[in-house]
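Asks: First the structure, then my questions, so here it is.
The values are calculated or read from the model by the stated rules, or taken from the named source; none is laboratory data. Bear in mind the structure is a predicted one, so any value in this text is a computation, not a measurement. Cβ sites come from the backbone with ideal geometry, for glycine too, and all protein chains shown count toward neighbours.
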Amino acid sequence: MLPRISVVTPSYNQGEYLSDTLGSIHDQGYPNLEHIVMDGGSTDNSVEIIRGYSSRLAFWTSERDGGPNSALVDGFGRASGDILCWLNSDDLFEPGCLFEVARFFAEHPEAEVVYGDAVLVDRSGQPIRPKKEHPFNRFIWLHDYNFIPQPSTFWRRQLYDRVGGLDKSFHLAYDGDLWVRFAEVARIHHVRRKWSRMRIYAEQRNQKLRAQSDLEDMRIRARYVEEQPMVMRRAKSVAAKGLRISWKLATGCYWY
């Protein structure tokens, strides 16, 4: 019996990409899928696209919300799956991804969270470069950057509940906040499998609001890293980046 996988998709005026995103989920034919779409009251053709998938959705709505993180919190509150994840309305799952995720958790019953690799694509979906990753390392994560590819990350429901779920006070760095709280109580696993395509373009919220995203990122790290002289912080940052680059070079992460 394949576990139920709940996918939550937050969206707002993403009609340009939404059909491809929904197709990448449902075309896999995963038989125990629960898909929830939380649209923030789009004024483009998004609702028309969502209605075309309505018979395959466990729930969908289109109304004003507090942004994507708020929509995700509400969506996960409705989810009943054993395994949870979210896929933003401009990203894509790779074919067969959900079956591979289900197999991983079946073969590793002790595992509570796992991330795979990804491919960065442009606005039209053309590949830019691979995002192959190394296993989770807390020192690198804290002193370099959040390298975990969000759409390639899956976790068990009980872990999400144990850490208190997503924190609505974050508007941009909520994924990083969730990952590091996962790491406090569970081992974060990594598999060398390409599970998603992450779209990169100038109009993205994280691109447009980079300064705010960086401030939230600093707020997360301040919980775990004591105030130190600037020279010490820079030394650790250089060490973390050097370790990350060396690790990725040694394991072929930079090549197709």
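Okay, residues lined up against (1) surrounded by 12 or more Cβ atoms within 10 Å (Cβ to Cβ); (2) closer than 26 Å to Thr251 by Cβ; (3) at pLDDT 95 or above:
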| position | (1), (2), (3) |
| --- | --- |
| Tyr160 | yes, no, yes |
| Val163 | yes, no, yes |
| Tyr174 | yes, no, yes |
| Ile200 | yes, yes, no |
| Gln212 | yes, no, no |
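Asks: So, one more: Only one of Phe182, Phe154, Phe139 is of a type in the set (A, V, I, L, M, F, W, C), exposed (fewer than 15 other Cβ atoms within 10 Å of the Cβ), at negative phi and not in a loop (DSSP other than H, G, I, E, B). Can you tell me which?
Replies: Details: Phe182 fails: exposed (fewer than 15 other Cβ atoms within 10 Å of the Cβ); Phe154 fails: exposed (fewer than 15 other Cβ atoms within 10 Å of the Cβ).
Selected residue: Phe139, the only one of Phe182, Phe154, Phe139 that is of a type in the set (A, V, I, L, M, F, W, C), exposed (fewer than 15 other Cβ atoms within 10 Å of the Cβ), at negative phi and not in a loop (DSSP other than H, G, I, E, B).
Asks: Another question about this same structure. From the list Gln150, Gln228, Gln158, which one is within 30 Å of Ser80 (Cβ to Cβ) and touching a helix residue (DSSP H, G or I) at 6+ places or on another chain (Cβ under 9 Å)? Spell out the reasoning first.
Replies: Values: Gln228 fails: within 30 Å of Ser80 (Cβ to Cβ); Gln158 fails: touching a helix residue (DSSP H, G or I) at 6+ places or on another chain (Cβ under 9 Å).
Step by step, each of Gln150, Gln228, Gln158 is checked, and only Gln150 is within 30 Å of Ser80 (Cβ to Cβ) and touching a helix residue (DSSP H, G or I) at 6+ places or on another chain (Cβ under 9 Å).
Asks: In the range 222-256, what count of residues is obtained for those that are touching a strand residue (DSSP E or B) at 6+ places or on another chain (Cβ under 9 Å) and either of a type outside the set (S, T, N, Q) or closer than 26 Å to Leu178 by Cα (or both)?
Replies: Kept after step one, since they are touching a strand residue (DSSP E or B) at 6+ places or on another chain (Cβ under 9 Å), are these residues of the range 222-256: 251, 253-256.
Next, from what is left, pick out any that are either of a type outside the set (S, T, N, Q) or closer than 26 Å to Leu178 by Cα (or both): 253-256.
Going through the range 222-256 one residue at a time, the tally reaches 4.
Asks: Answer yes or no: is there a residue in the range 102-124 that is under 25 Å from Tyr12 (Cβ atoms), touching a residue at least 12 places away in the same chain (Cβ under 8 Å) and assigned to a loop (DSSP other than H, G, I, E, B).
Replies: yes
Asks: If you don't mind, another one. Against the conditions (1) under 21 Å from the mean Cα position of the chain (by Cα); (2) crowded, with 19+ Cβ neighbours inside 10 Å; (3) not in a loop (DSSP other than H, G, I, E, B), where does Asp90 fall short? Just the number, please.
Replies: Of everything listed in (1) under 21 Å from the mean Cα position of the chain (by Cα); (2) crowded, with 19+ Cβ neighbours inside 10 Å; (3) not in a loop (DSSP other than H, G, I, E, B), Asp90 misses just condition (3).
Asks: Quick one: which residue in Arg205, Arg219 is out of contact with any strand residue (DSSP E or B) (no Cβ under 6 Å at 6 or more places or on another chain), basic (Lys, Arg) and either without any contact (Cβ under 8 Å) to a residue 24 or more places away in the chain or within 19 Å of Ile140 (Cα to Cα) (or both)?
Replies: Arg219
Asks: Evaluate the following for Arg129: is it loosely packed, with under 14 Cβ neighbours inside 10 Å, of a type in the set (Lys, Arg) and not in a helix (DSSP H, G or I)? Spell out how you get there, then give the answer.
Replies: Working: loosely packed, with under 14 Cβ neighbours inside 10 Å: yes; of a type in the set (Lys, Arg): yes; not in a helix (DSSP H, G or I): yes.
Answer is yes for this residue.
Asks: If you don't mind, there's one more thing I want to ask. Can you name every residue in the range 1-33 that is more than 23 Å from Gly67 (Cβ to Cβ) and of a type in the set (Asp, Glu)?
Replies: Listed by number, the list holds a single entry, Asp27.
Asks: Out of the residues in the range 228-254 meeting the condition of being without any contact (Cβ under 8 Å) to a residue 60 or more places away in the chain and assigned to a loop (DSSP other than H, G, I, E, B), tell me which one is nearest to Met218 (Cα to Cα).
Replies: Gln228
Asks: Still on this structure, please answer the following. Pick from the range 5-58 the residues that are touching a Lys or Arg at 6+ places or on another chain (Cβ under 7 Å) and of a type in the set (Gly, Ala, Ser): which of them is farthest from Leu98 (Cα to Cα)?
Replies: If we take residues in the range 5-58 being touching a Lys or Arg at 6+ places or on another chain (Cβ under 7 Å) and of a type in the set (Gly, Ala, Ser), then Gly41 is farthest from Leu98 (Cα to Cα).
Asks: With the requirement that a residue be among the basic types (Lys, Arg) and at pLDDT below 90, what does the range 214-233 give you?
Replies: Within the range 214-233, the subset among the basic types (Lys, Arg) is 219, 221, 223, 233.
Within the range 214-233, just Arg233 meets the criteria.
Asks: May I pose another question? Only residues that are among the β-branched types (Val, Ile, Thr) and surrounded by 14 or more Cβ atoms within 10 Å (Cβ to Cβ): list them for the range 19-48, please.
Replies: We begin by selecting, within the range 19-48, every residue among the β-branched types (Val, Ile, Thr); these are 21, 25, 36-37, 43, 47.
Within the range 19-48, Thr21, Ile25, Ile36, Val37, Val47 qualify.
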